[in-house]
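Encoded as C-alpha cells, the structure appears first; notes follow it.
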Amino acid sequence: MAPADILWRQISNRLADEIAAGIYPPGSRLPTEAALAERFAVNRHTVRRAMAELRTRGLIRIEQGRGTFVQDTLIDYPVSRRTRFSDNVIGADRDPNSIALRNLELPADTEIAQELGLPAGSPVVLIETLRLADGRPLSVTAHYFPAARFRGIGTHFQNTGSVTQALYQMGVRDYFRDTTAVTTRLPDAWEAKHLRQPRSEPILVAHSLNVDAERRPIEYAEGRYAGRRVQFVFHPH
C-alpha cells in the first residue's frame, strides 16, 4: 500500500481531474467523507487531507452543515449602455433562461416612483424573474414598469421569456442603461432559496434604470445576484 502522504495526493488529483472533466460540475455536491473513504479504501483522515488540498486550490468549498461543493465559476457580467441579460450569458458561453416568479400590478413606493418619474402611488407592473445560466441561478430580479404605458407586459414576457422582447412587442425598439448602483448584503430566506445558496453568503444587489431613445424611464430593476457566480464588469458609456 502507498504511504498516506502519497494516497491523499492521489485522491486529490483524481477528484480534481473529475471536476475538470465535468463529472462533478460547478455547484454540485461531492460525495460524503465516508463515501470517499470507502471508494478509495482509505481512512477519513486521508480523505480530509485530500479535501483540504482541493480547497486550497480553490476547487471546492465546504459549507457547514450542508456538505462539500464544487466551486462555482464566476461569470463576467458586462454593464454598459446596452446591458442585456441573454447577451451577457451567451457571451460567457452559457445557456440563458428566465422564469417569471410573479406578475402583478401595485402602487409604486417613493423610491420606485422617483426612479420612474411618476407620482408616488402610481400603478406599476412588477415582474419578478429568476434568471439562470446553464440551469444555475444567477439572480432574482424585480422589474418595475409604468403601468400606464406597459400594462400587459407580463403576458409578453411569459410568451417570450425576455424583457427585451416583451418591450419590443410593446413598441420599445431599443433602450439604454441610464444608471447602475451595486451594493452587497446577506440574502433573506426567499432569495437564498431561489439562488440555491446559504443565507450566510453575500449577494450583489444591483439597482438599475433603463430609458428609451427619448430618455423616458421605462424600467427600474432590483437584481439580487449570487455573489460567488457573478462578477460585474463596468464599461464606460
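Read-outs: derived from the displayed coordinates by stated rules, not from any lab. Every value quoted in this text rests on a predicted model; they were computed, and no experiment measured them. As a convention, Cβ positions derive from the backbone with ideal geometry for all residues, glycine included, and neighbour counts pool all protein chains shown.
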>> Looking at (1) of a type outside the set (G, A, S); (2) closer than 16 Å to E219 by Cβ; (3) touching a strand residue (DSSP E or B) at 6+ places or on another chain (Cβ under 6 Å), which one does R94 not meet, given that it meets all the others?
In response: (2)
>> Looking at G135, G154, G161, can you tell me which residue is buried (at least 20 other Cβ atoms within 10 Å of the Cβ) and within 22 Å of the chain's Cα centre (by Cα)?
In response: G154
>> Looking only at region 193-210, count every residue that is within 28 Å of T164 (Cβ to Cβ) and out of contact with any helix residue (DSSP H, G or I) (no Cβ under 6 Å at 6 or more places or on another chain) and tell me the total.
In response: 12
> Of the residues that sit in region 34-92 and are in a helix (DSSP H, G or I) and among the acidic types (D, E), which one is farthest from the chain's Cα centre (by Cα)?
Replying inline: E38
> Under 7 Å by Cβ, and 6 or more places apart or on different chains, what pairs join a residue from region 18-35 that is without any contact (Cβ under 8 Å) to a residue 24 or more places away in the chain with one that is in a loop (DSSP other than H, G, I, E, B) and surrounded by 11 or more Cβ atoms within 10 Å (Cβ to Cβ)?
Replying inline: E18/Y24
